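The values are calculated or read from the model by the stated rules, or taken from the named source; none is laboratory data. Everything numeric in this text was worked out from a predicted model, so none of it was measured. Don't worry about glycine lacking a Cβ; one is built from the backbone with ideal geometry, like all the others, and counts go over all protein chains shown. For the accessible areas, the whole protein counts, side chains as well, though only heavy atoms, and no ligand, DNA or RNA atoms are used. Shrake-Rupley method; radii C 1.70, N 1.55, O 1.52, S 1.80 Å.
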Amino acid sequence: MSGETGDVTRGHVGRALARFEDERFLRGEGCFVADFERPDLCHAVVVRSTVAAGRVRAIDASAALALPGVLRVLTHADLGKLGDVRPIPIRVGALEGLERFLQRPLAHERVRYVGEPLAVVIADDPYVAEDGADLVFAEIEPQDPVVTIAGALEGTRLAHPEIGTNVAAQHVAARGDVDAAFARAEYIRRERFTCHRHSSVPLETRGLVAEWDAGSGTLRVWGATKAPFFARRTLATLLGLEERQVEQIELDVGGSFGARGEFYPEDLLVPFAAMQVGRPVKWIEDRRENLIAMNHSREMTCELEIAARRDGTILALRGALAADLGAYARTTGGIVPAKAASFLPGPYAIGHVAIDVRAVVTNKTPCGTCRGPGRYEANFFRERLIDLMCADLGLDPADVRLRNLVPPERMPYATGRLVPYEPPGAYDSGDYPAVCREALERIGYAGLSPQRGCLVDGRWHGVGIACFVDSSGGGPPEQARVRASGSGRFRLDSGASSSGQGQQTTYAQILADVLGVEPSAIDVHLGSTTGLSRGVGTFHGRGIVMGGSAVRRAGEAFVAGLLEEAARRSGAPRDTLAFAAGGVVRAADGTVVLSIDALVGARDSGDAAAAALLDVEASHAQSGATFEYGTQVAHVAIDPGTWEVEVVRFLTVEDCGHVVNPLVVHGQVIGASVQGLGGTLLEEFRYDEHGQMTSGTFADYLLPTSTDFPHVEGYSADHAPSPLNPLGAKGVGEGATGGVGGAVANAVADALRSFGVKIVDLPITPDRLFALVQAARGREGTAVPYFALGASSEFV
């Protein structure tokens, strides 16, 4: 894996510093939930439904309770102590209608997916808790489940019979005059695409430790949460506590990717269990639980129609999109269909769009966000349709993209109101064609032409392109707090959380430049509710855009406060003073006017005014989202004996504005690309007709390893810093996942063009490719001869 990054800009921002946090991780000194202990700790195991749809007739916990070491077994009846057992609310993406399909923490009268929580067993020992869970008997009367989008739309079976429909939400995302654009089009084509169900699958499974301090009335929860302040508010509400009584404390986190860190049933059940038994409770899910209970994503169908001129100028898009939400509308489930529709136009100047959007419920694991939610799906649909159009019209796919990309002179580019729960948007800045040209040059696009669609050294070669744009940041303001510790050290608290993105390093770089110190002088604390009056978290590319900008604002407010105080005390005009790491000096001769260490001494002696000067909170808000953008190119080779797709080379060129740390950005781009490749070529959650997952272990759900895709490259451009924040930054980390499915699918179709294979479904696996070739070349019932593919025998 290779790539290039920018050089030093000024100070510490822009420097490729090695991540500070990595040394302790490499030494095994991280503290993840499984590592975290409390005195008198007990353990919880969740009893889950093994039936996809059915009526709960009874839950018998008597055998479990008789097991020595089992303390309690909690069911829905125990939650009745909270009064009305309220469902888990939507955090963002509240499409109209979803409120009817919210999930309650424990199943009561019905179960709606395999893995739905039925009870919680608490025991002194984790293995005893496991044994106790095996002894809880749930009598469930099975019913016929809804397991496909088509079945949900048909409506003969209902995942929620009491509601009377499987359509949870519906809206139209539109701009311009689509009918008029199609009426004047010289070319029209419509295709039906499907994107498969897969998810984030972080290295660390979910877990929590909760402790109830009855004396102080304080509930402390340790564990990963990408939105700690939402989690605190939601937990307090569901438990009937004041928000101030709940503390969410972040530990080290082994990945999130959109799914881990949302508020799940266990985020209530574990704290509730701690309150019931009067002891700290730990819960760690095993991998099987993780695969069947954590949010899934991406499952979607789309009928998409394109209108264009004969030269490939795209006039309009219209179509219908349906997304599977699973059994319930979870905290972010509505984001996926809404964002998929809004990103169907992508980075292209397509003035006319109309997409009918439907979100349906089924009897499968509920869905939420996964790295680049809706973008991955939309980019696959659109980029495949563009290549199909190019093949019909005899046009080069690169030329057509360059012709249609939004030009820099049209920035900011208004996108309209394509998302129901958001105001009208606009791409903030960018030179989309420049990045596309750079990607084509780096891959050597022109030089690859002789290999495309040809059998070279026994394998069919193809090249595919996908362009993407992705929103980042925006949303509620983020908060940061700077405190002087004395002796040249500072403490930084951020409302943003971390799941491994390197924010302990990047935030220290940002603040170090403002304060004029080394990044190592700053102690960074992330994602806990204890250090700030308010905050939000890290998602939607907020880490640097919002969190980093809040750090910058807090540092500037800290410096401004000291300058004002120094001017007041000395009587010197403020413009004659300067801030240095140790305090405020006269700019002319460096004489110290106000010493930070002196203020620390006064604060420690009880001086409230000094304390206020040395403890500053600030927030960052911005008028809209920033938009990272880029182009991805895949070169693949397909073995006609095994139909395995080898990624010969995969390249991403992305512009994420000014870069704080090039090493961190490069790692994010490479990681996002590899995650996208895994989702395109390997990963899939499959279900049978009974709603049972048939790919619920790593023997069936395949993940990429370090040797699967060795030739992945990432390059950062800086053509268009965002005008919306003081860092000029845009998000990074999600965008490079977004175009992978489209680029690889286009490359595979390019390689197999002589067979007439049409790639319209993901994932692209050897068995599916073989079936497609059989269908394309053997429509009259003849087998595909192996010699036609470069060998000398026949398929059996």
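Table for the structure above
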quantity	calculated
Contacts under 7 angstrom Cβ, first residue in region 560-577 being closer than 18 Å to Asp597 by Cβ, partner open to solvent by less than 50 Å² (accessible area, probe 1.4 Å) and assigned to a helix (DSSP H, G or I), 6 or more apart	Gly561/Leu613; Leu562/Leu613; Glu565/Leu613; Leu577/Leu563; Leu577/Ala566; Leu577/Ala567
In region 745-772, the residues that are among the β-branched types (Val, Ile, Thr), assigned to a helix (DSSP H, G or I) and at pLDDT below 95	none
Search result, residues across region 242-271 that are more than 27 Å from Glu21 (Cα to Cα) and open to solvent by 30 Å² or more (accessible area, probe 1.4 Å)	Glu242, Glu243, Arg244, Gln245
Region 282-295, residues that are out of contact with any Phe, Trp or Tyr (no Cβ under 9 Å at 6 or more places or on another chain) and open to solvent by less than 30 Å² (accessible area, probe 1.4 Å)	Trp283, Glu285, Glu289, Asn290
Residue count for region 690-704, restricted to those that are of a type outside the set (Gly, Ala, Ser) and surrounded by 20 or more Cβ atoms within 10 Å (Cβ to Cβ)	2
Condition met for Glu247 (closer than 22 Å to Cys370 by Cα and among the acidic types (Asp, Glu))	no
Scan of region 459-489 for residues that are of a type in the set (A, V, I, L, M, F, W, C) and out of contact with any Gly (no Cβ under 9 Å at 6 or more places or on another chain), ordered by number	Val463, Ala484
Residue satisfying all of: in region 206-248; at pLDDT 95 or above and of a type in the set (Val, Ile, Thr); nearest to Val46 (Cα to Cα) among these	Val209
Residue that is under 20 Å from Val120 (Cβ atoms), modelled with pLDDT of 95 or more, part of a loop (DSSP other than H, G, I, E, B) and open to solvent by less than 70 Å² (accessible area, probe 1.4 Å), where the choices are Val51, Val85, Val56, Val47	Val51
Those residues of region 401-429 which are in contact with a strand residue (DSSP E or B) (Cβ under 8 Å, 6 or more places away or on another chain), farther than 17 Å from Gly474 by Cα and in contact (Cβ under 8 Å) with a residue 60 or more places away in the chain, in sequence order	Arg401, Asn404, Leu405, Met411
Gln276 being modelled with pLDDT of 95 or more, among the polar types (S, T, N, Q) and open to solvent by 30 Å² or more (accessible area, probe 1.4 Å)	yes
Residues satisfying the stated conditions in region 477-525, i.e. crowded, with 21+ Cβ neighbours inside 10 Å and acidic (Asp, Glu)	Glu478, Asp493
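Conditions (1) open to solvent by 20 Å² or more (accessible area, probe 1.4 Å); (2) of a type in the set (A, V, I, L, M, F, W, C); (3) closer than 27 Å to Leu440 by Cα, marked per residue:
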position: Pro345; (1), (2), (3): no, no, yes
position: Tyr348; (1), (2), (3): no, no, yes
position: Val360; (1), (2), (3): no, yes, no
position: Lys364; (1), (2), (3): no, no, no
position: Cys367; (1), (2), (3): no, yes, no
position: Ala378; (1), (2), (3): no, yes, yes
position: Gly416; (1), (2), (3): yes, no, no
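Quick grid of which residues meet (1) of a type outside the set (Lys, Arg); (2) under 22 Å from the mean Cα position of the chain (by Cα):
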{"residue": "Gly630", "(1), (2)": "yes, yes"}
{"residue": "Ala634", "(1), (2)": "yes, no"}
{"residue": "Thr642", "(1), (2)": "yes, no"}
{"residue": "Arg649", "(1), (2)": "no, no"}
{"residue": "Thr652", "(1), (2)": "yes, yes"}
{"residue": "His658", "(1), (2)": "yes, yes"}
{"residue": "Pro662", "(1), (2)": "yes, yes"}
{"residue": "His666", "(1), (2)": "yes, yes"}
{"residue": "Gly671", "(1), (2)": "yes, yes"}
